[in-house]
Amino acid sequence: MPRKLSSIAPDWWDYTTLDTAIIKEVASLTPENLVQLSRPGFKVLLYDTLEEFYLAEALEYITAWRQSTPDNPVGICGPIGPTEQLPLVARIINDLGLAVKSAHFWGMDEWLMDGKEVSPDHPLSFERADRELCFSRIRKDLVMPDENLHFPKGDTTTYRKSWEGIRCAVMQGGQGDIKHWAFNDPPKREGKFKDEPPSPEEYRKLTTRVVDLHPITIAQNARTSGGGNITMVPTQAITVGPSETWKAEKVSIWHAGMHDNPFGQRLTTFMISKNIVDTSVPMSLLADHPNVQFNFYRPGLGTCEVTMH
């Protein structure tokens with residue numbers, strides 16, 4: 001029986017093409033149910049306050065970078081969204097006097113316009129956000145050299161090589177409305193993927209690359225970063241791939257409730273826990289990663305009950 005067409009964008013794959021039975025079961029999950037979905041290799045944590053939530057996220061940077069030495073450099077791959085942890089990282093490093101000169105950082109993704117990554121002076125530049133919110137705030141005698149900061153470019157060669165010989169202790173991320181990490185969106189429904197989305201094996205081979213963005217991703221970034229102005233959001237991006245993701249010792253996803261909704265947060269937790277892997281829900285591929293942690297701000301989990309506004 002052929003898969004359903006997306007009810008959001010019929011020319012794309014996305015979570016609305018899943019079996020209806022999964023959708024119904026997911027919508028009934030409570031926050032306590034989510035914690036019970038933890039299993040070996042997949043941990044679910046709840047935080048009651050935003051202060052605790054973002055501090056815990058910031059401490060993952062500190063824990064990773066403290067392991068780094070000149071002979072054994074260690075890095076973290078971090079997101080734009082959420083960003084609230086970034087100033088906390090800088091403050092902790094400065095207050096502790098913690099030198100992180102041998103440590104590394106990989107940005108997860110960046111916008112692409114006219115075949116080239118946007119420059120750091122673009123208002124939506126992810127590199128600009130990382131630098132302004134974190135790295136420019138770290139004392140010069142403590143911060144790592146600029147060559148230890150790796151941001152994706154339109155030509156991905158240098159960025160992909162930067163993952164060789166450096167241990168990535170953790171890859172952080174958020175989750176978008178289309179159930180991606182970084183910009184690993186579901187693909188278009190065309191060519192050999194017209195009737196079925198890519199197999200998990202095909203998708204996991206993808207490296208850092210230029211991608212077309214699902215319409216929901218474009219709308220989401222306008223909502224979260226551009227005041228709703230969709231016209232200012234690029235339709236392509238460069239994203240870290242599953243290939244690099246599987247080089248990270250741990251994948252840590254932070255759900256504050258601002259980037260994906262109550263249903264979406266429940267859906268990917270359920271699919272990863274139950275080892276339901278489907279590339280129409282890219283985040284579900286993390287079911288096969290050996291060390292994944294989902295971190296939720298409890299009030300941000302909301303409810304899937306129908307409420308008319």
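Coordinate-derived values only; no laboratory data. Just so we're clear, the structure is a prediction, and the values are computed from it rather than from any experiment. When we count neighbours, we look across all protein chains shown, and the Cβ atoms used for this are built from the backbone with ideal geometry, even at glycine.
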(Q) What is the sum of charges, Lys and Arg at +1 and Asp and Glu at -1, for the other residues whose Cβ falls under 14 Å from the Cβ of Gln175? (A) -4
(Q) I'd like the FRET efficiency for Asp48 and Met113, computed as 1/(1 + (r/R0)^6) with the beta carbon distance as r and R0 of 41 Å, rounded to 0.05. (A) 0.50
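Quick check: from the Cα gyration tensor, does segment 46-169 come out rounded (a/c under 1.5), prolate or oblate?
Details: a/c = 1.70, a/b = 1.23, b/c = 1.39.
Oblate, because a/c is 1.5 or more while a/b does not exceed b/c.
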Q) Hey, rough spin-label estimate for Glu196 and Ala21, points 7 angstrom out along Cα→Cβ, what's it come to in nanometres? A) 1.9
Q) From a point 7 Å beyond the Cα of Asn261 in the direction of its Cβ, which residues of segment 70-95 have a backbone N at a distance under 20 Å? A) 82
Q.
Suppose R0 equals 22 Å. What FRET efficiency, 1/(1 + (r/R0)^6) with r the Cβ-Cβ distance, do Arg223 and Leu5 give to the nearest 0.05?
A. 0.35
Q) Within straight cross-link reach of Lys101, meaning Cα distance under 29 Å, which lysines are found once same-chain residues fewer than 8 apart are removed? A) Lys140, Lys153, Lys161, Lys247, Lys250
Q: Grab the other residues whose beta carbon is less than 13 angstrom from that of Arg131, score K and R as +1, D and E as -1, and report the net.
A: -4
Q. Relative to the Cα centre, what is the charge dipole magnitude of the chain, using +1 at the beta carbon of each Lys and Arg, -1 at the beta carbon of each Asp and Glu, and rounding to the nearest 20 debye?
A. 340
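In segment 114-179, which trypsin sites (Lys or Arg not before Pro) fall in coil by DSSP and have 16 or fewer other Cβ atoms within 10 Å? Mind dumping the intermediate values first?
Numbers: sites: Lys116, Arg128, Arg131, Arg137, Arg139, Lys140, Lys153, Arg160, Lys161, Arg167, Lys179; in loops: Arg139, Lys140, Lys153, Lys179.
Here the trypsin sites (Lys or Arg not before Pro) that fit, given the DSSP loop and packing criteria, are Arg139, Lys140, Lys153.
Tally the DSSP beta bridges in segment 158-309 and give the antiparallel ones as a percent, rounded to 5. Could you put the intermediate results ahead of the total?
On the way: 4 of 12 bridges.
Bridges in segment 158-309 that DSSP calls antiparallel: roughly 35 percent.
How much length is gained if the chain between Asp146 and Ile230 is pulled fully straight, taking 0.36 nm per residue apart and subtracting their Cα-Cα distance, in nm to one decimal? Before the final figure, lay out each step's value.
Details: separation 84, 0.36 × 84 = 30.24 nm, distance 3.25 nm.
Taking 0.36 nm per residue and subtracting the Cα distance, the gain is 27.0 nm.
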Q. Each label point is 7 Å from the Cα along the Cα-to-Cβ direction; what then is the distance between the points at Ser136 and Leu59, in nm?
A. 3.0
Q: Please give the net charge around Ser243, taking every other residue with its beta carbon less than 14 angstrom from that of Ser243, where Lys and Arg add +1 and Asp and Glu add -1.
A: +1
Q) Along the Cα-to-C-beta direction of Asp212, a point sits 7 Å from the Cα; which residues of segment 171-205 have their amide N less than 19 Å from that point? A) 178-180, 183-199, 203
Q.
Could you give the length gained by full extension between Thr157 and Ser243, i.e. 0.36 nm per residue of separation minus their alpha carbon distance, to one decimal place?
A. 29.6 nm
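For the chain, report the convex hull volume of the alpha-carbon atoms normalised per residue, in Å³, without decimals. Walk me through the numbers before you get to the answer.
Numbers: hull volume 42.9 nm³, N = 309.
About 139 Å³ per residue, rounded to a whole number.
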Q: Be a star and scan segment 223-254 for residues whose amide nitrogen sits under 20 Å from the point 7 Å along the Cα-to-Cβ vector of Val35.
A: 253-254
